[in-house]
1. At 0.36 nm per residue, and after removing the present C-alpha to C-alpha distance, how many nm does the segment from THR20 to GLU45 gain when stretched out fully?
2. Can you give me the three principal axis dimensions of the chain from its C-alpha atoms, in Å, biggest first?
3. Taking only DSSP H segments of four or more residues, each worth -39500 (n - 2.57), what value at 222 nm results for the chain once the sum is divided by all its residues, to the nearest 500 deg cm²/dmol?
4. Tell me, which cysteines of the chain are without a disulfide-compatible partner by the Cβ under 4.7 Å rule?
5. Report the charge-dipole magnitude of the chain in Debye, nearest 20, computed about the Cα centre from +1 at each Lys and Arg Cβ and -1 at each Asp and Glu Cβ.
6. Subtracting the Cα-Cα distance from 0.36 nm times the residue separation, let me have the gained length for GLN55 to HIS28 in nm, one decimal.
7. With the dipole of the range 21-68 worked out from charges on the C-beta (+1 for Lys and Arg, -1 for Asp and Glu) around the Cα centre, which of LEU59, ALA26, HIS48 lies farthest toward the positive end?
8. Determine the order of HIS48, HIS28 by accessible area, beginning with the largest, at a probe radius of 1.4 Å.
Amino acid sequence: MMICKEITKLMSRRLDTSLTLQERLALHMHIAMCGACRECNKQFELLHLTGHEYQNLILDTDTASGSSDTPEA
């Protein structure tokens with residue numbers, strides 16, 4: 001069984017890329033048994049969601065104001 005430190009790395013990596021079947025199973029099993037990692041996983045997911053919502057808000061604001069990051073020719 002993986003230790004919490006390894007599991008938190010998987011939690012983080014899972015938000016940006018795909019995990020192997022073995023990694024997904026290890027993560028799922030560990031989270032099912034470890035309350036601290038369950039809580040940590042919720043926090044990772046909340047941070048990830050919040051970051052995406054903030055990014056969308058910034059993009060929506062830039063679009064509405066007509067600004068862009070690319071210089072005009």
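1. On the way: separation 25, 0.36 × 25 = 9.00 nm, distance 1.90 nm.
That pair, THR20 and GLU45, stretches by 7.1 nm at full extension.
2. The principal-axis extents, from largest down, are 57, 22, 16 Å.
3. Values: 3 runs with 55 residues, N = 73.
The per-residue figure over the chain is -25500 deg cm²/dmol.
4. By the Cβ distance rule, which asks for a partner under 4.7 Å, the isolated cysteines are CYS4, CYS40.
5. Numbers: 7 positive and 10 negative charges, 134 e Å.
Result for the chain is approximately 640 debye, rounded to the nearest 20.
6. Details: separation 27, 0.36 × 27 = 9.72 nm, distance 2.86 nm.
Between GLN55 and HIS28, full extension yields 6.9 nm more.
7. ALA26
8. Values: HIS48 60, HIS28 130 Å².
Largest to smallest exposure gives the sequence HIS28, HIS48.
The values are calculated or read from the model by the stated rules, or taken from the named source; none is laboratory data. Note that the coordinates shown come from a computational prediction; the quantities given were computed from them, not determined experimentally. Neighbour counts are summed over all protein chains in view; Cβ atoms, including those assigned to glycine, are modelled from backbone coordinates with ideal geometry. The accessibility values were calculated without ligands, DNA or RNA, using every heavy atom of the protein model including side chains. Shrake-Rupley method; radii C 1.70, N 1.55, O 1.52, S 1.80 Å.
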